[in-house]
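Novice: Please see the structure below; I have some questions.
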Ligand SMILES: Cc1ncc(COP(=O)(O)O)c(C=O)c1O
């Protein structure tokens, strides 16, 4: 039996997405920048994909820029804002993905910005009063806070953060890599300056994503080169990836409520089964509160098993990921679990679900965990 419970790392490609990509790979090889018919038909496909994406998040097609994925989109938003808009102070949290955290830390090291961290509590909830204090006591800032945490699943109250950013005239970037394709976005109702996306998190292909840039923002390219993406991102487009991304977005939106309910059902089921069968289990983050329905982060009781738990699960055919808090003196481990004060003695595992998982798979995983913990602890 092989069970994939690591959907926050990446998701399997939806066969329907593959069905639109393959015929295009077979027949349409033109370079979208070519002015002849081969190029023009590929260019038209890219622009249709841009329209689809824009429509789904209530943006204008001119606000969508295709990238190589979430990392590039986050780098572009942050680096270009701080380079081009005269902003010298950024506010983020210690729980951000490294695509954000390392980018900001690097800019601070380069002496280009000052960086402030908003406080988080032991559940990983962002202290909004502290965010407001930081905004009030500093010059105009860039705020970069992720919509859902990839390790814990915690969700940011986007509307509230958007409002406080508007109040202080801050630039608001939110890393939506874990939530795009899982929730609806309406940039007219909840204004943000930047949103980011990676198609592989919702059954699209890897190596492609987009950056939404609000039309009020005027920045220069991050990657210089040709005139692709309206002069904003040089390089021949990942045509098949872009077509696949748009198809994956369409499928995700067409079935969103149904998938949300189904996947949340799996997560809730696993929570109940784990509570029932593993004594001393703890849930990390705001799991039972404002939390992404695809992610469940669990700390197992301390014992001999330690970090070998992932290895043991892998042997049993169960793929998931982990990373406990860093123990003192070591910098390996999860910066997120460390920041919320999770005990480094308790092995932590992230289970993450998709529409392709079943209750039977959850039963099997819990059964294996029961076996592991009844023998070793
Ligand atoms: C929250 C978050 N941001 C950014 C990324 C980076 O995305 P990509 O690997 O597509 O560059 C990830 C991927 O794990 C993520 O979970």
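The values are calculated or read from the model by the stated rules, or taken from the named source; none is laboratory data. Predicted, not measured: the structure shown is a model, and the values here were computed from it. Virtual Cβ from ideal backbone geometry, glycine too; neighbours counted across all protein chains shown.
Novice: Which residues, counting only those in the stretch 31-60, are within 19 Å of residue 20 (Cβ to Cβ) and in a loop (DSSP other than H, G, I, E, B)?
Specialist: 32
Novice: Are any residues in the stretch 182-197 in a loop (DSSP other than H, G, I, E, B) and within 16 Å of the ligand (Cβ to nearest atom), and if so, which ones?
Specialist: Scanning the stretch 182-197 gives 182, 185, 192.
Novice: Here is a follow-up. Does the stretch 37-44 contain at least one residue that is exposed (fewer than 15 other Cβ atoms within 10 Å of the Cβ), over 30 Å from residue 123 (Cα atoms) and touching a helix residue (DSSP H, G or I) at 6+ places or on another chain (Cβ under 7 Å)?
Specialist: no
One line per residue, one yes/no per condition, for (1) over 23 Å from residue 180 (Cβ atoms); (2) touching a strand residue (DSSP E or B) at 6+ places or on another chain (Cβ under 9 Å):
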{"position": "50", "(1), (2)": "no, yes"}
{"position": "55", "(1), (2)": "no, no"}
{"position": "65", "(1), (2)": "no, yes"}
{"position": "73", "(1), (2)": "no, yes"}
{"position": "89", "(1), (2)": "yes, yes"}
{"position": "107", "(1), (2)": "yes, yes"}
{"position": "138", "(1), (2)": "yes, yes"}
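Novice: Right, something else. So, in the stretch 149-181, how many residues would count as being away from the ligand (no atom under 11 Å from the Cβ) and either assigned to a helix (DSSP H, G or I) or within 19 Å of residue 71 (Cβ to Cβ) (or both)?
Specialist: Residues in the stretch 149-181 being away from the ligand (no atom under 11 Å from the Cβ) and either assigned to a helix (DSSP H, G or I) or within 19 Å of residue 71 (Cβ to Cβ) (or both): 12 in total.
Novice: Applying the selection to the stretch 117-142, what residues are within 16 Å of the ligand (Cβ to nearest atom) and in a strand (DSSP E or B)?
Specialist: 120, 126
Novice: While we're looking at this one, here's another question. Counting only residues that are closer than 18 Å to residue 207 by Cα, touching a helix residue (DSSP H, G or I) at 6+ places or on another chain (Cβ under 9 Å) and assigned to a loop (DSSP other than H, G, I, E, B), which one in the stretch 10-30 is farthest from the ligand (Cβ to nearest atom)?
Specialist: That would be 14.
Novice: A further question follows. All but one of (1) within 16 Å of the ligand (Cβ to nearest atom); (2) assigned to a loop (DSSP other than H, G, I, E, B); (3) within 26 Å of residue 102 (Cα to Cα); (4) in contact (Cβ under 8 Å) with a residue 40 or more places away in the chain hold for residue 200; state the number of the condition that does not hold.
Specialist: Of the numbered conditions (1) within 16 Å of the ligand (Cβ to nearest atom); (2) assigned to a loop (DSSP other than H, G, I, E, B); (3) within 26 Å of residue 102 (Cα to Cα); (4) in contact (Cβ under 8 Å) with a residue 40 or more places away in the chain, the odd one out for residue 200 is (2).
Novice: Taking only the stretch 219-264 into account, find how many residues are loosely packed, with under 15 Cβ neighbours inside 10 Å and over 30 Å from residue 353 (Cβ atoms).
Specialist: 10
Novice: Just a yes or no: is a residue in the stretch 219-232 within 16 Å of the ligand (Cβ to nearest atom) and within 16 Å of the chain's Cα centre (by Cα)?
Specialist: For the stretch 219-232, residues within 16 Å of the ligand (Cβ to nearest atom) and within 16 Å of the chain's Cα centre (by Cα): absent.
Novice: Just name the residue that is surrounded by the most Cβ atoms within 10 Å (Cβ to Cβ) out of those in the stretch 65-94 that are part of a strand (DSSP E or B) and away from the ligand (no atom under 16 Å from the Cβ).
Specialist: Checked the stretch 65-94; the qualifying residue surrounded by the most Cβ atoms within 10 Å (Cβ to Cβ) is 90.
Novice: Within the stretch 159-184, which residues are out of contact with any helix residue (DSSP H, G or I) (no Cβ under 8 Å at 6 or more places or on another chain) and either within 21 Å of residue 209 (Cα to Cα) or modelled with pLDDT under 95 (or both)?
Specialist: 176, 179
Novice: Right, next: Looking at 290, 279 in this structure, which one is modelled with pLDDT under 95 and over 20 Å from residue 122 (Cα atoms)?
Specialist: Within the list 290, 279, the selection yields 279.
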